[in-house]
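The block underneath contains the structure these notes are about, expressed in structure tokens.
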Amino acid sequence: MHLIRHFFFALALASAVLHAAAQAPAWSGTWGAAPAGPPPAARLLAFTDQTLRLVVHTSNGGNRVRIRLSNEMGSTPLRIGAAHIGVRASGVVVAAGTDRALTFGGARTITIAAGARAVSDGVALNVPALADVTVSLFLPGASAATTIHESAFQTGYVSTPGDFTASPALPVKATIGAWPFLAGVDLDLAAPVVVAFGDSITDGLKSTPNANRRWPDYLALRLQSLGATGRVGVVNRGISANQLLTTEPTGLLAGRAGLERYDRDVLSTPGVRAVIVLIGINDISYHSASAARLIDGYRQLIARGHARGIRVYGATLLPFESSPYYTAPRDAIRQSVNSWIRSGAAFDGIIDFDAALRDPARPARLLAAWDSGDHLHPNDAGYQRMASQVPLGFVTAAVAQPDAALGDGGTLQQFQQVQQVQQERAPALVD
């Protein structure tokens with residue numbers, strides 16, 4: 001009888017999980033950034049009884065929204081005294097009729113433990129695709145931005161002392177070019193999501209600030225131009241100076257190594273169906289990491305993505321001759337890595353950014369038309385060209401997957417497999 005009770009309990013639990021998965025809202029990411037930190041003391045932002053108004057740009061649109069906050073790199077609890085979201089009119093101003101108060105488990109305030117994350121409750125708000133959204137956070141007392149995405153290339157606003165989260169326009173004491181504490185904006189929408197995973201080239205270094213001209217922004221624009229078939233979220237998880245293999249202890253604004261942060265920044269993104277991997281040039285530039293080590297790292301990303309039903313696409317590393325990091329031996333490593341990517345040995349598909357942006361007369365160097373001037377990062381036109389190289393069939397194939405990851409905890413197929421195993425074991429348990 002003891003075994004029978006265990007069997008029926010396990011069966012009931014599996015049934016409850018499946019029922020909850022069917023009843024729960026299907027959230028999907030429309031914007032995201034990868035948290036990093038803590039910064040060195042000289043670059044640490046500190047706030048005292050102030051309101052932050054952060055601006056982000058959506059990829060997809062919907063009618064219900066929530067936010068994700070992070071104190072993962074903090075050593076003390078983070079107090080959020082109030083949080084609001086709205087559609088931006090211009091500058092620091094929230095469009096009339098769009099301001100919404102956010103709650104956390106029904107409460108207007110929340111304290112996020114050191115090392116933890118928090119997700120707000122959903123709130124009704126018509127959020128257009130490709131729109132600027134404001135997230136306003138009141139930070140009572142003293143708060144240090146130990147968890148931050150430093151390279152926003154988007155102006156954020158810091159108020160004079162006071163809670164101005166509900167104010168259409170707040171009194172600005174300072175502006176910042178970073179996203180402290182904010183890690184994501186989700187929609188209550190069963191839409192597929194593509195994550196762009198990489199370093200400063202994905203983060204958009206050298207793109208025009210406040211213009212949303214990173215290559216994932218251009219990809220979102222391209223997808224939305226397709227109409228209903230292009231209703232796909234694009235979430236940018238690039239971090240400037242990030243590496244695939246190495247976490248720099250004295251440079252934590254560059255984030256944890258790609259292999260370490262992949263589960264948090266990619267696999268946990270709600271609605272993720274595919275990831276585009278463009279990372280490794282900093283491993284080569286800083287440490288002359290071997291092609292074999294990088295390939296082993298890529299294989300890990302692929303295996304972990306496939307285990308969650310996610311398609312993993314590989315992008316070739318861009319040329320960097322004439323940049324301060326260039327040497328002929330390092331470029332030989334880059335070319336070996338690119339040859340392996342092009343071989344189709346492991347990735348579900350390839351995107352040849354190298355071939356698209358290199359100078360045909362000097363293949364180790366970016367073509368001048370795409371070069372920002374530092375010979376490593378593209379300019380706006382170069383980022384647009386990168387987005388144009390992503391085959392939309394990759395996205396279509398990912399969207400068509402019946403077992404794509406649901407985000408935040410596995411796939412429907414995995415739940416069904418658990419139930420099937422329990423049913424197959426039923427006779428043995430009864431005996």
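Each value in this text was obtained by applying a stated rule to the coordinates, not by laboratory testing. Here the structure is a predicted model, which means the values were calculated and not measured. Methodologically, a virtual Cβ is constructed for each residue, glycine included, from the backbone with ideal geometry; neighbour enumeration extends over all protein chains shown.
Computed values, structure above
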{"item": "Residues THR250, THR98, THR109 arranged by fewest to most Cβ contacts within 10 Å", "result": "THR250, THR109, THR98"}
{"item": "Cα centre as origin, Lys/Arg/Asp/Glu Cβ charges: the stretch 192-399 dipole, Debye", "result": "480"}
{"item": "Fewest-first sequence of ILE333, ILE284, ILE295 by Cβ atoms within 10 Å of each Cβ", "result": "ILE295, ILE333, ILE284"}
{"item": "Euclidean distance of C-alpha centroids, the stretch 116-141 and the stretch 47-105, integer Å", "result": "3"}
{"item": "Top positive-direction residue, dipole computed over the stretch 256-330 with Cβ charges, set LEU318, HIS287, GLY297", "result": "GLY297"}
{"item": "Residue (of PHE347, GLN243, ALA169) at the positive-pole extreme of the chain, dipole from beta-carbon charges", "result": "ALA169"}
{"item": "Label point distance in nm, THR247-ARG43, each placed 7 Å from Cα along Cα→Cβ", "result": "1.7"}
{"item": "Total formal charge among the other residues, if their Cβ is under 14 angstrom from that of HIS84, Lys/Arg +1 and Asp/Glu -1", "result": "+2"}
{"item": "Gaussian network model of the chain, Cα within-10 Å springs - most flexible of GLY115, GLY230, GLY305", "result": "GLY115"}
{"item": "Linear extension gain, SER323 paired with LYS173, 0.36 nm per residue minus alpha-carbon span", "result": "50.2 nm"}
{"item": "ALA101 paired with THR229, simple spin-label distance in nm, labels 7 Å along Cα-to-beta-carbon", "result": "4.5"}
{"item": "Ranked list, fewest to most other Cβ atoms within 10 Å of each Cβ, for VAL195, VAL135, VAL123", "result": "VAL123, VAL135, VAL195"}
{"item": "Cα-centre dipole for the stretch 60-212 with unit charges at Cβ (Lys and Arg positive, Asp and Glu negative), debye to 20", "result": "220"}
{"item": "Dipole in debye (nearest 20) - the chain, about Cα centre, beta carbon charges: Lys, Arg +1; Asp, Glu -1", "result": "220"}
{"item": "Length released on extending from THR160 to ASP296, taking residue separation times 0.36 nm less the Cα-Cα span", "result": "44.0 nm"}
{"item": "Among TYR262, THR30, PRO378 the positive-end extreme of the charge dipole of the chain (Cβ point charges)", "result": "THR30"}
{"item": "Average Cα contact separation per residue, the stretch 192-399, under 8 Å, 6 or more apart, as relative contact order %", "result": "24"}
